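Student: So that we are looking at the same thing, I have put the structure below in structure tokens.
The values are calculated or read from the model by the stated rules, or taken from the named source; none is laboratory data. As the structure is a prediction and not an experimental result, all values here were calculated from the model. Virtual Cβ from ideal backbone geometry, glycine too; neighbours counted across all protein chains shown.
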Amino acid sequence: MARRPFIAGNWKMYKGPAEADTLAMALRRALVDVGAVDVAVAPPFVSLAVVGARLKHSGVHLAAQDLHPAAEGAFTGAVSGEMLKQAGCAYVIVGHSERRALFGEDDALVNQKVLAALRAGLLPILCVGETLAERDAGQERAVVTRQLEAGLRGVPADQLPSLTIAYEPVWAIGTGRSASPAQAQELHATIRAWLGAQYPAFVGASLRIQYGGSVKPANAAALLSQPDIDGALVGGASLDADDFFAIIRAAGGRPATAL
Ligand code: 13P
């Protein structure tokens, strides 16, 4: 089954509403035609509205970077999936390694967030990936399958194809040191084989697995040409419209034909 490439930009804690509007305008100019590629951007919560308005009907989907598991309640500072849906989000990133490492999110909470996203009608992008110490100890496969098993607990098989898995080795994030195409492909194949062993065949065949970690225009084509790499979750390079568009082109997006 052919999987549609999916390129998402995680803006992290960059671009408040004014700068986000400028970047969204630049994206809109570059992305007249994204072709056969699914594209999403995940600005900070406060910039969702302005980016959503700017990218309306552009073919670029809106994503959020996190959600709270509850639909509403006395959770000061939190935002629910239902609210994100109302704000125009199609996707939500769940379990990013920065959330796990810096905000204390464990596998159980990540699982609650995956279930909450589906309940709200959002498409979760579930992030998994090992640290450098875990890789040095030869634990990368065990870590990633543990994160998958826990993160996907209770998700019905027929809902799984609406998820995206993002394999993001922690040692490659923001370091300029991407996994090599072969290293990434190896883990993507591991993830797909694990899905194939746990679920009916259509799940492993149709679920998209993005690679994330120092994806740039210079390495995107080599990574995306791997058979089990279906797209990219891009951090730093997604803050530059030209770089982001170059990565989309590497995934098969067509160049802009008109302004
Ligand atoms: P960089 O592309 O900046 O390494 O970030 C990757 C990432 O964490 C995307 O979620």
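Student: For the condition within 30 Å of residue 243 (Cβ to Cβ) and touching a residue at least 60 places away in the same chain (Cβ under 8 Å), what is the one hit in 177, 208?
Tutor: Details: 177 fails: touching a residue at least 60 places away in the same chain (Cβ under 8 Å).
Within the list 177, 208, the selection yields 208.
Student: OK, next. Counting only residues that are within 16 Å of the ligand (Cβ to nearest atom) and over 19 Å from residue 143 (Cα atoms), which one in the stretch 181-212 is farthest from the chain's Cα centre (by Cα)?
Tutor: Here is the first cut: in the stretch 181-212, the residues within 16 Å of the ligand (Cβ to nearest atom) are 181, 183-184, 187-188, 208-212.
Applying the additional criterion that residues be over 19 Å from residue 143 (Cα atoms) yields 181, 208.
Working: 181: 18, 208: 10 Å.
Ranking the qualifying residues of the stretch 181-212, first place goes to 181.
Student: Could I ask something else about it? What do you reckon, is residue 223 surrounded by 24 or more Cβ atoms within 10 Å (Cβ to Cβ), modelled with pLDDT of 95 or more and either more than 16 Å from residue 14 (Cβ to Cβ) or touching a Ser or Thr at 6+ places or on another chain (Cβ under 6 Å) (or both)?
Tutor: Numbers: surrounded by 24 or more Cβ atoms within 10 Å (Cβ to Cβ): yes; modelled with pLDDT of 95 or more: yes; either more than 16 Å from residue 14 (Cβ to Cβ) or touching a Ser or Thr at 6+ places or on another chain (Cβ under 6 Å) (or both): yes.
Answer is yes for this residue.
Student: Residue 142: over 17 Å from residue 212 (Cβ atoms), touching a Lys or Arg at 6+ places or on another chain (Cβ under 6 Å) and aliphatic (A, V, I, L, M), yes or no? Can you show your working first?
Tutor: Values: over 17 Å from residue 212 (Cβ atoms): yes; touching a Lys or Arg at 6+ places or on another chain (Cβ under 6 Å): no; aliphatic (A, V, I, L, M): yes.
Spelling it out, it is not the case that residue 142 is over 17 Å from residue 212 (Cβ atoms), touching a Lys or Arg at 6+ places or on another chain (Cβ under 6 Å) and aliphatic (A, V, I, L, M).
Student: Looking only at the stretch 114-152, which residues are under 18 Å from residue 202 (Cα atoms) and either surrounded by fewer than 22 Cβ atoms within 10 Å (Cβ to Cβ) or among the aromatic types (Phe, Trp, Tyr) (or both)?
Tutor: 123, 148, 149 - these are the residues of the stretch 114-152 that are under 18 Å from residue 202 (Cα atoms) and either surrounded by fewer than 22 Cβ atoms within 10 Å (Cβ to Cβ) or among the aromatic types (Phe, Trp, Tyr) (or both).
Student: Within the stretch 55-110, how many residues turn out to be exposed (fewer than 14 other Cβ atoms within 10 Å of the Cβ), within 16 Å of the ligand (Cβ to nearest atom) and in a helix (DSSP H, G or I)?
Tutor: The first filter runs over the stretch 55-110 and keeps only residues exposed (fewer than 14 other Cβ atoms within 10 Å of the Cβ), leaving 56-57, 71-77, 86, 101-104, 106, 108.
So of that shortlist, the ones also within 16 Å of the ligand (Cβ to nearest atom) come out as 101-103.
Now drop any that are not in a helix (DSSP H, G or I), which leaves 101-102.
Number of matching residues: 2.
Student: Would you mind stating whether residue 156 is within 16 Å of the ligand (Cβ to nearest atom), of a type outside the set (S, T, N, Q) and free of Cβ contacts under 8 Å to residues at least 60 places away in the same chain?
Tutor: No: the conditions fail for residue 156.
Student: Of the residues 37, 51, which is touching a Pro at 6+ places or on another chain (Cβ under 6 Å), surrounded by 20 or more Cβ atoms within 10 Å (Cβ to Cβ) and either of a type in the set (S, T, N, Q) or without any contact (Cβ under 8 Å) to a residue 60 or more places away in the chain (or both)? First the steps, then the outcome.
Tutor: Details: 37 fails: either of a type in the set (S, T, N, Q) or without any contact (Cβ under 8 Å) to a residue 60 or more places away in the chain (or both).
Testing whether each residue is touching a Pro at 6+ places or on another chain (Cβ under 6 Å), surrounded by 20 or more Cβ atoms within 10 Å (Cβ to Cβ) and either of a type in the set (S, T, N, Q) or without any contact (Cβ under 8 Å) to a residue 60 or more places away in the chain (or both) leaves just 51.
Student: Within the stretch 19-54, count every residue that is modelled with pLDDT of 95 or more and either among the aromatic types (Phe, Trp, Tyr) or in a loop (DSSP other than H, G, I, E, B) (or both).
Tutor: Residues in the stretch 19-54 being modelled with pLDDT of 95 or more and either among the aromatic types (Phe, Trp, Tyr) or in a loop (DSSP other than H, G, I, E, B) (or both): 3 in total.
Student: For the list (1) within 16 Å of the ligand (Cβ to nearest atom); (2) over 18 Å from the mean Cα position of the chain (by Cα); (3) β-branched (Val, Ile, Thr), I need the number of the one condition that residue 22 fails.
Tutor: Checking residue 22 against (1) within 16 Å of the ligand (Cβ to nearest atom); (2) over 18 Å from the mean Cα position of the chain (by Cα); (3) β-branched (Val, Ile, Thr), the one that fails is (1).
Student: Additional query: Does the stretch 213-239 hold any residues that are out of contact with any His (no Cβ under 9 Å at 6 or more places or on another chain), within 11 Å of the ligand (Cβ to nearest atom) and outside any helix (DSSP H, G or I), and which are they?
Tutor: 213, 214, 215, 216, 232, 234, 235
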